[in-house]
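Trainee: Let me give you the structure first, and then I'll get to my questions.
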Amino acid sequence: MENIKNDLLQRFRPPAFPGSYFISFEGIEGAGKSTQIKNIMTYLEKMDFRVLLLREPGGTIFGEKLRKAILDTQTDLHPLAEAHLFASARAEMIHKVILKEMEVPGTIIISDRYIDSSLAYQGMARGLGFETILNIHQHFPLSLVPHLTLYFKIDLKTSMERQKTRNAPKDYFEAQGIDFYNNLIAGYEKSLELFPHRIKCINAIVSQEEITEEVKLIIDQLILQPTDIQEG
Ligand code: TYD
C-alpha cells in the first residue's frame with residue numbers, strides 16, 4: 001500500500017468559520033445516503049441551523065454541466081481526465097458556494113460526496129493512487145475538507161441487490177463490474193485509515209431508523225462540542 005507523507009496529509013483542513021460546519025456523506029451505490037441526508041437535514045433544521053445541501057459533481061451551474069458531461073459519457077475517460085474534471089467542479093463549488101455561505105454563522109453545508117469519492121473512485125478503483133488525488137487537491141481551496149465525513153458502509157452483495165431493485169438505467173460509474181466495486185470499498189477503507197479523525201464509518205446494512213439515530217449521535221458530538229469554558 002502506498003505510503004502518504006505526513007506533510008501532504010497535513011495540508012487538508014476544514015474551513016474555520018465560527019458556528020458553521022461542513023459535513024460530507026459518502027458510500028458506494030445503494031448505501032442509502034439520500035435517505036439519511038433527508039433525515040439529518042430535518043434534524044438540523046429543527047435545531048435552527050441554516051442547512052444547505054450540495055451534490056457532487058454539481059453544486060454550481062458549471063458543476064452541473066460537468067456532471068452531465070461526465071455521467072452521460074458513453075466513452076471511457078482517462079482516469080486523470082476524470083480526476084481533474086471532478087476537482088475543477090469541486091474548486092468552483094468551494095469558491096462560489098461553500099466559502100461564501102459558511103461566513104453566515106450557524107450554517108451547515110452538507111455535501112452528497114466530496115474528496116473521498118475522488119480518492120475511492122479515481123484514486124483506488126481507477127488506479128491513480130491516493131497520492132495523485134491528494135496532490136491534485138493540495139492547494140487552497142481544494143485543500144479544504146469537511147469537519148466530518150459520514151461513510152455509509154455496505155458490502156458488495158447488498159449494493160448489487162439494492163441496485164437491482166432500483167432498476168434505473170445505469171450511469172457511467174454504475175455500469176462498472178464487480179472488481180470496480182471491490183476496489184471502491186477498499187478505497188473508502190483506505191480513506192478511513194488515513195483520516196480517522198474526520199471520517200466516521202457507519203454500518204449501513206441495519207434499518208434506516210437505526211442508522212439515523214447513530215448519525216444524530218455523531219453529529220451531536222460535532223455541533224454540541226463545548227465552546228470556551230468560562231472561568232471564575
Ligand atoms: P450520482 O448519481 O450522484 O451517484 P450517487 O447517487 O451514487 O451519489 O453520481 C455521481 C457519480 O460520480 C458516482 O458514481 C460517484 C462518481 N464520482 C467520482 O467518481 N468521483 C468524484 O470525485 C465524485 C464526486 C463522484
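Trainee: Looking at (1) farther than 20 Å from residue 224 by Cβ; (2) within 11 Å of the ligand (Cβ to nearest atom); (3) within 15 Å of the chain's Cα centre (by Cα); (4) open to solvent by less than 30 Å² (accessible area, probe 1.4 Å), which one does residue 34 not meet, given that it meets all the others?
Mentor: (4)
Trainee: Still on this structure, please answer the following. Identify the single condition in (1) within 11 Å of the ligand (Cβ to nearest atom); (2) open to solvent by less than 10 Å² (accessible area, probe 1.4 Å); (3) closer than 12 Å to residue 53 by Cα that residue 107 does not satisfy, given that it satisfies every other one.
Mentor: Only one criterion in (1) within 11 Å of the ligand (Cβ to nearest atom); (2) open to solvent by less than 10 Å² (accessible area, probe 1.4 Å); (3) closer than 12 Å to residue 53 by Cα is unmet by residue 107, namely (1).
For every residue, the table says whether it meets (1) within 16 Å of the ligand (Cβ to nearest atom); (2) aliphatic (A, V, I, L, M).
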position	(1), (2)
7	no, no
14	no, no
30	yes, no
39	no, no
43	no, no
48	no, no
54	yes, yes
57	yes, no
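Trainee: Taking the range 171-213 as the search range and keeping residues that are small (Gly, Ala, Ser) and out of contact with any Lys or Arg (no Cβ under 8 Å at 6 or more places or on another chain), which one is farthest from the ligand (Cβ to nearest atom)?
Mentor: Per the stated criteria, the residue is 207.
Trainee: Then there is this: Within the range 53-73, restricting attention to residues that are open to solvent by 50 Å² or more (accessible area, probe 1.4 Å) and touching a residue at least 40 places away in the same chain (Cβ under 8 Å), which residue is nearest to residue 213 (Cα to Cα)?
Mentor: Looking at residues that are open to solvent by 50 Å² or more (accessible area, probe 1.4 Å) and touching a residue at least 40 places away in the same chain (Cβ under 8 Å), I get 53.
Trainee: Still on this structure: Name the residue, out of 40, 109, that is in a strand (DSSP E or B) and either touching a residue at least 12 places away in the same chain (Cβ under 8 Å) or in contact with a strand residue (DSSP E or B) (Cβ under 6 Å, 6 or more places away or on another chain) (or both). Walk me through how you get there before you give the answer.
Mentor: On the way: 40 fails: in a strand (DSSP E or B).
Of 40, 109, the one residue that is in a strand (DSSP E or B) and either touching a residue at least 12 places away in the same chain (Cβ under 8 Å) or in contact with a strand residue (DSSP E or B) (Cβ under 6 Å, 6 or more places away or on another chain) (or both) is 109.
Trainee: Please determine whether any residue of the range 153-160 is of a type outside the set (D, E, K, R) and closer than 20 Å to residue 73 by Cβ.
Mentor: no
Trainee: While we're on this one: Run down 114, 121 and say which single residue is near the ligand (Cβ under 10 Å from one of its atoms), open to solvent by less than 10 Å² (accessible area, probe 1.4 Å) and closer than 19 Å to residue 31 by Cα. Don't jump to the end; show me each part of the working.
Mentor: On the way: 121 fails: open to solvent by less than 10 Å² (accessible area, probe 1.4 Å).
So the residue among 114, 121 that is near the ligand (Cβ under 10 Å from one of its atoms), open to solvent by less than 10 Å² (accessible area, probe 1.4 Å) and closer than 19 Å to residue 31 by Cα is 114.
Trainee: If I filter the range 78-87 down to residues being touching a residue at least 24 places away in the same chain (Cβ under 8 Å) and open to solvent by less than 80 Å² (accessible area, probe 1.4 Å), which single residue comes out as nearest to the ligand (Cβ to nearest atom)?
Mentor: Checking each candidate, the answer is 86.
The values are calculated or read from the model by the stated rules, or taken from the named source; none is laboratory data. Here the structure is a predicted model, which is why all the values come from computation and not from measurement. Backbone-built Cβ (ideal geometry, glycine too); neighbour counts: all protein chains shown. Only protein heavy atoms, including side chains, enter the accessible area calculation; ligands, DNA and RNA are left aside. Shrake-Rupley method; radii C 1.70, N 1.55, O 1.52, S 1.80 Å.
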